There are 2 protein chains.
Amino acid sequence: MKKIAILGSSGSIGIQTLNVVRMHPDEFEITALCVNKDIDTLRKQINEFHPKFAGISDENAYLKSKDLFANNITVFSGDNALCDIASLDVDILVVAVVGMCGLRAVMCALSRGTTVALANKESLVAGGKLVTDTAARAGKRILPIDSEHSAVWQCLHCGFDRELKRIILTASGGPFYGHDRNFLQSVTPEMAVRHPTWNMGKKISVDSATMMNKALEIIEARWLFDTEKIDYIIHPQSIIHSMVEYIDGSIIAQIAKPSMELPIQYALSYPKRIKYDAAEFKFDKNLTFSEPDESVFPLPKLAKQVLSCGGNAPCVFNAANEACVQLFLDNKIGFCDISINIENILNTWDFIHNPTIEDIYDTFNEVYEKLMTDYNK
Amino acid sequence: MKKIAILGSSGSIGIQTLNVVRMHPDEFEITALCVNKDIDTLRKQINEFHPKFAGISDENAYLKSKDLFANNITVFSGDNALCDIASLDVDILVVAVVGMCGLRAVMCALSRGTTVALANKESLVAGGKLVTDTAARAGKRILPIDSEHSAVWQCLHCGFDRELKRIILTASGGPFYGHDRNFLQSVTPEMAVRHPTWNMGKKISVDSATMMNKALEIIEARWLFDTEKIDYIIHPQSIIHSMVEYIDGSIIAQIAKPSMELPIQYALSYPKRIKYDAAEFKFDKNLTFSEPDESVFPLPKLAKQVLSCGGNAPCVFNAANEACVQLFLDNKIGFCDISINIENILNTWDFIHNPTIEDIYDTFNEVYEKLMTDYNK
């Protein structure tokens, strides 16, 4: 029986993690759940899964609701709730919060030797070296929770590390793939958030449209799999979730129905696989591929340069994107200005070679504030 | 340095095995080469690879050429040459001969604990249980040399045996896929051997056209991977060489340029992978899939029934096909008569539950002769 704690249990990944736990009561038990401020969802989850611990990051939400919790559950609250939960004795900490707050929680868990299943992009993108060094010292690895990295992780079982030729991430290309830079100039926030196949949040929809999502995945893959041999290819059907090519030319690909529950379950059940009652996969689509056009969508290529720089450059990259997406959604800058601004700020920002965790947070906040201030004057 | 012996070194698989050995002089050395009667090719190969042993199955070919061999090489000849070579002390015996003669050689090698890399279909199809029982007793496994089974073997590294949901072999469908039974009635030998993408021998071209090749692969897969959970799917581009689905719904697929050298090299280098200097794989084709139509091409389905029967049924199936293909090529029967005759003879032939190797050879010869006699009266 694996003991699981979830940071961000009321969000999409948190809810789907609980779906997986519900399907396998003999495999997993919930030790702790943590939300930002969605008390209603938290209370329903507590009633169903009976964790010993809960966390509520928003102090006001906690104060309004604290009488509602039974005596047999310990409730942490406030800014430190994430780290309090991350420091508990569990087998796997699922980090499904969004934003930079994930980094500190991941570091707490890894420092005490807890395996982390990671859906939070920011911790690896901004703090990749810190996080992976800490994991290595604890002898733990970070288990990816997302379709692409789970696919790579699975495919990497077909060879030894030294036999890897390259990772090939697949990319849907986003809603504007095939268009030229001229067209992109005319893209409005309304166009960017109307994603053709997925109903996603606004930030992630814009990241999909700029291909920043793939750029971030390249950075995550570098830290998860300790290699810079990472390519990507456009595969609009998103049926092949990613691939690994070995030195003998053999390519191993992972295919599955688009569902987050599968990568979540694989991370929780690893090293074994357990039954998942999905309908049988149907090969009813033609699978197509094309080479990315980096003159139109420059961010994935920029991500590779950012990785070569190292230090706090990936953090600058991510912070600049967060600010620019917000500025774009607020109609302060155009669609193409997102990548232009990111590149500009990367060229001017103070480089820190070996950032501490405080340096990472400072860099993030300073870059973000600088851009927001510049355009909101 | 792995010591390799090759049975059938002058054939297509034998020559490609030597290509792999030539590329990796630090990994492999040739201990023995065996041909049927192609003395010219054998002598060139001996001059290049300097084996200590050679074999020539055809006694007349041997007698005509025996003065041509140097004193420092031991030459076996005649009917027992294959088993003499198979009994040598080597790390891997590559069995690349065609036909039932492969079975006895495979049994010789496994009995003395030599790992067998197998391109010979007949030994596993006709003698699957005998061969795998012998391998199990020796604690050795049979390494597949063909694209589909090598793909399955590689993909099986992504999970434990008990986690397998099904093997999914891919099938090009052959030159007549999509046609109906009416059309197939009109297929002539000339049409069947004109394969669209591969330049193959006549027997294998007809097997591709009837989908008997996939039927035989289903039987081989059952013995190689000890499971009857085997499906197949039509994938005309033959880019995905086969797949494995796990109980969690994750499907792992192997992709590579069509080349026999890659599966040969994987079998020789296993458990590691070694460099293969192929051009980078280009994803420049759309990959399509369709469900097989077993009312038009019944042989793969029949193969599964044959497996359920067990005993000498797979041997009857294979022998009947060999005879029927010859009769079809000789214009004695029509294209659709191949599968009809195979099914008929399966229903009437004497069943042997636990055949010995002699029973297997007898069954093969009797079925083959019966059909040839019936149609050549």
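Of note:
- Between this copy and the others, label points of A:Asn72 are 8.3 nm apart in ascending order, each placed 7 angstrom from Cα in the Cβ direction.
- Highest-fluctuation residue, A:Asp146, A:Asp91, A:Asp133 considered, GNM on chain A with Cα pairs under 10 Å: A:Asp133
- Total accessible area lost when B and A pair, probe 1.4 Å, Å² to nearest 100: 3500 Å²
- Nonpolar atom fraction for the protein assembly as shown, defined as the carbon and sulfur part of the 1.4 Å probe accessible area, stands at 48 percent.
- A point 7 Å from Cα along Cα→Cβ stands in for B:Asn19, and the other copies hold the same point at 4.7 nm, listed in rising order.
- For region B:132-259, the share of alpha carbon pairs falling in successive 5 Å distance bins from zero is 2, 10, 18, 20, 18, 13, 10, 6, 3, 1 percent.
- Under the Debye formula (equal points on every Cα, no solvent term), log10 I(q)/I(0) of chain B at q = 0.07 Å⁻¹: -0.31
- With kT/(6 pi eta Rh) evaluated at 20 °C and eta = 1.002 mPa s, and Rh the Kirkwood radius from Cα pairs, the protein assembly as shown diffuses with a coefficient of 74 µm²/s according to Stokes-Einstein.
- Reach of B:Lys272 by Cα under 19 Å, taken over lysines that are not fewer than 8 positions away in the same chain: A:Lys165, B:Lys2, B:Lys3, B:Lys140
- Heavy-atom accessible area per residue - chain A, 1.4 Å, Å²: 41 Å²
- Among A:Thr227, A:Thr210, A:Thr363, the largest mean-square fluctuation in a Gaussian network model of chain A (Cα springs under 10 Å) belongs to A:Thr227.
- Charged neighbours of A:Gln16, selected by a Cβ distance under 11 Å, balance to 0 (K, R count +1; D, E count -1).
- Taking other residues whose beta carbon is less than 11 angstrom from the beta carbon of B:Phe160, and scoring Lys, Arg as +1 and Asp, Glu as -1, yields +1.
- Top of B:Ile85, B:Ile167, B:Ile352 by mean-square fluctuation, Gaussian network on chain B, Cα under 10 Å: B:Ile352
- Net charge contributed by nearby residues that have their C-beta within less than 12 Å of B:Ser65 (K/R +1, D/E -1): -1
The values are calculated or read from the model by the stated rules, or taken from the named source; none is laboratory data. Since the model is a prediction, treat every value here as computed from it, not as a measurement. Cβ coordinates were reconstructed from backbone atoms using ideal geometry, including for glycine residues, and neighbour counts include every protein chain displayed. These area figures cover heavy atoms from the full protein model, side chains too; ligands, DNA and RNA do not enter into them. Shrake-Rupley method; radii C 1.70, N 1.55, O 1.52, S 1.80 Å.
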